[in-house]
1. Of the residues that make up segment 641-659, is at least one touching a Ser or Thr at 6+ places or on another chain (Cβ under 9 Å) and within 28 Å of GLU589 (Cα to Cα)?
2. Out of GLU383, GLU395, GLU351, I need the residue that is charged (D, E, K, R) and modelled with pLDDT of 95 or more. Which one?
3. Residues that are within 30 Å of PHE74 (Cα to Cα) and among the charged types (D, E, K, R): find the helices (runs of 4 or more DSSP H) completely inside segment 214-292 holding 1 or more of those.
4. Could you tell me how many of the residues in segment 665-720 are within 26 Å of THR460 (Cα to Cα), surrounded by fewer than 15 Cβ atoms within 10 Å (Cβ to Cβ) and of a type in the set (S, T, N, Q)?
5. Quick one: how many residues across segment 195-205 are without any contact (Cβ under 8 Å) to a residue 24 or more places away in the chain and either loosely packed, with under 13 Cβ neighbours inside 10 Å or not in a loop (DSSP other than H, G, I, E, B) (or both)?
6. Here is a list of conditions, (1) over 17 Å from LEU51 (Cβ atoms); (2) part of a helix (DSSP H, G or I); (3) not aromatic (Phe, Trp, Tyr), and GLY153 meets all of them except one; can you say which number that is?
7. Scan segment 532-539 and tell me whether some residue there is crowded, with 17+ Cβ neighbours inside 10 Å and under 23 Å from the mean Cα position of the chain (by Cα).
8. Only one of (1) closer than 20 Å to LEU529 by Cβ; (2) at pLDDT 90 or above; (3) surrounded by 18 or more Cβ atoms within 10 Å (Cβ to Cβ) is not met by ARG493, so which one is it?
Amino acid sequence: VLGAGAGVGVAAWINMPEVDSLDSFVPRLITQLYDANGQVFRTYSRERRVLLEAGDLPLRLQQAVVAIEDRNFFKHGGIDLKGVLRAAWRNLRAGEREEGASTITMQLARELFLHRKKTWKRKIEEAFLAVELEKRFSKQQILTMYCNLFNEGHGNYGVEAAARNYFGKSVDELTLAEAAVLAGIPQRPSAHSVYRNPELVIKRRNEVLDRMLQEGYITPEEHAAAVAEPLEVIPRRREVQIGPYFAEEVRRHLQATYGTDALYDKGLQVYTTLDVAIQQAAEQALRDGLLRLDHRRGWRGPLRHLDESELGDVVLPSWRNLDVLTPEVWYEGLVLESGRRRARVKIAGRELELGAAGIEWTGLKQPRRLLEAGDVAWFRLAEQEGDAPPVLMLEQEPEMEGAVLVLESATGAIRAMVGGWSFERNEFNRATQARRQVGSAFKAFVFGAALENGFTPADTLFDGPAVFVGADNAESYSPRNYYRRYYGIITLRRALEQSINVSAVKLLDLVGAAQVIDFAHRAGITSELNPYPSLALGAVDLSPLELAAAYATIANQGIHVEPHATERIVAHSGRTLYEHLPRARKAMEPQIAYVLTRMLEGVIDRGTGRAVADLEVDLAGKTGTTDNWTDAWFVGFTPRHTILSWVGYDKDRSLGRGQTGAEAALPIWRAVVEDGLEEGWTPRGATFERPPGVVEVEIEPTTGLRPGPGADQLITETFVEGTEPQERYDLEWARIMRLPWYLQEPFYLPKEGERMPSQIHDWTPVREAWKRKAEGLPDSASEDEERAPGETD
């Protein structure tokens, strides 16, 4: 009766979870982001873990774990009675708890279902659960679950994750000594740190090897060789993240769609559009471009200064866990001494010399004129050609920011995304979250709408003073060209190539703002656009991504494909959770898109983008610069990719006089294309494909007329079939085009509704607009026009 009563009491007291639930149990796993080539470039997890299946554990690792944790594992049924008696006897002799009696199965039961508080109730529950686990699962399954579950230190859970992070190999490639290291760590993972306490790790490893020898798993010769093997782990380097802004966009989408637990615990396999080679090219191009611009402004001084009394044993926070200095990576350095020829700099325990070559960009030759002992600044080891050792370089973070995007025009796949100088400095993604005025980069949509409404690249406008109805609903808006000059009779092609402001506003006025807005929205602009004349000059805030997507529509022969970053998401079970389906629609006729492409190609061949005209691939694009040089853009495309670069400050601030899109943004864009040509992701000699219904005709470039007497220079112009000009150039036109702009007006036949200088009866609004401009008050968003070669005022 007493026994039955005790049994009922214990049964009511203990809590027995359902062991069968382990059939569907999955421990916390790593969510992995794969690039376009199937390589993991980013992971998210609470516990870094890679699961092994039963049968994946190599024999040596099994033996090491069993020897140190549970020598009778393959003999008992979950509870080792001999082990309990042995542990009790040893603890009694030692007078303290020297050895535990928990089997591997009991430890697994505790980790899966119970807690770590040392109570009799937990020990009884642990024993019962161990027996149930042994009934339900094979020894190999139990041992594999154990090796997948336990903490191996430094955020690694399970032996596979630890093997990869400590030794750079999988468990099936481990040496005997390395297997013993991993078997010994779970006893006290914080103390057995391969980085902080290598001597303690070696001592524990040797204990594991001793047990393996005692159990007959290894020979004395194998034991001796393993004990003599040094502990060689992969040095911890500062992790260089690939595509942090891109990865963050994907992470936020995953968290919003599937929840935090799924993101960090369920081991999602996310296949993205990122091309690591293109991403690295974009990141390097932006860093080099921002540094180039920042270096022009000179040295601003160190990050901070420490008192000389603190210099002896100081350890900067950024030096912690830093074992190896990687070339081209930036590190905080502490100046110990600064002289006329060199300075002595400490970085993470190493002392390096900074010479004249390392400060050349500052314009000074003596380190002591820039730095003094106690200064903390940025430094990097610059790689040299051949076998020459790296040179220590002084650096400073640019205050300005930038963004680069690379889209695959035909698919909308985002191949690269750089949202700023540094994700660590600021997580704000300027490629997707910033909204900036785009300046003359918007003109492509004005000219595209004009082509849809019957204009051709050879049609002419009269570039001269004009007044338009502004936002105040009065004739008060009078834009000016960048160099304060007018061109008179000018073709649409030349107006776009030279980014001439007045002609762009006049074209919007002739076509109608509603038509331009409709064209821009169809192309991919999602923001609201106001029907003011300044819209022609980019007086609208857009995100870089929507601007790039709209240019990609032009590159894709008028088919707009919505940009995307994720191709497929797969659960740990293998079930597909998401499969990307392209969202595409026809935005414009392919003939219109191609003619506009050829006009944008002229921007590079003869206009504001001519600094990249020498590259061996067809290129088309447009510069963009806003008032007071606050934003600099270049957006364009190759036959395969659409590329955008932007430079500016987060708060409206001038980049400096003359910092146009061609000067500040185009070199970054060029660097990306150059890398593509060198690495092969942009084929050399690739050309834009011409659709049916387009013809090419030779014309005289200043008038857009067919060749005739006096036409010395000719270009090949592109037309929608049936719209090519018929009138021919002659000597009279040659004389007219040599006249000053204001004398050309009598010879020009205005378009219907075109505003002409002779129609301005009251010049007061014009003078007021010009006065505001002269005083630095904006009357347009574009400062982008550049003088053509050989032109004068």
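1. Yes - at least one qualifying residue is present in segment 641-659.
2. GLU395
3. 220-228
4. The qualifying residues number 2.
5. Final tally of qualifying residues: 4.
6. (2)
7. The answer is no, given that none of the residues of segment 532-539 is crowded, with 17+ Cβ neighbours inside 10 Å and under 23 Å from the mean Cα position of the chain (by Cα).
8. For ARG493, the failing item is (1).
The values are calculated or read from the model by the stated rules, or taken from the named source; none is laboratory data. Since the structure is predicted, the reported quantities are computational estimates derived from the model, not experimental observations. Heads up, the Cβs are rebuilt from the backbone with ideal geometry, glycines too, and the neighbour counts pull from every protein chain shown. Side chains included, ligands, DNA and RNA excluded: accessible areas come from the protein's heavy atoms. Shrake-Rupley method; radii C 1.70, N 1.55, O 1.52, S 1.80 Å.
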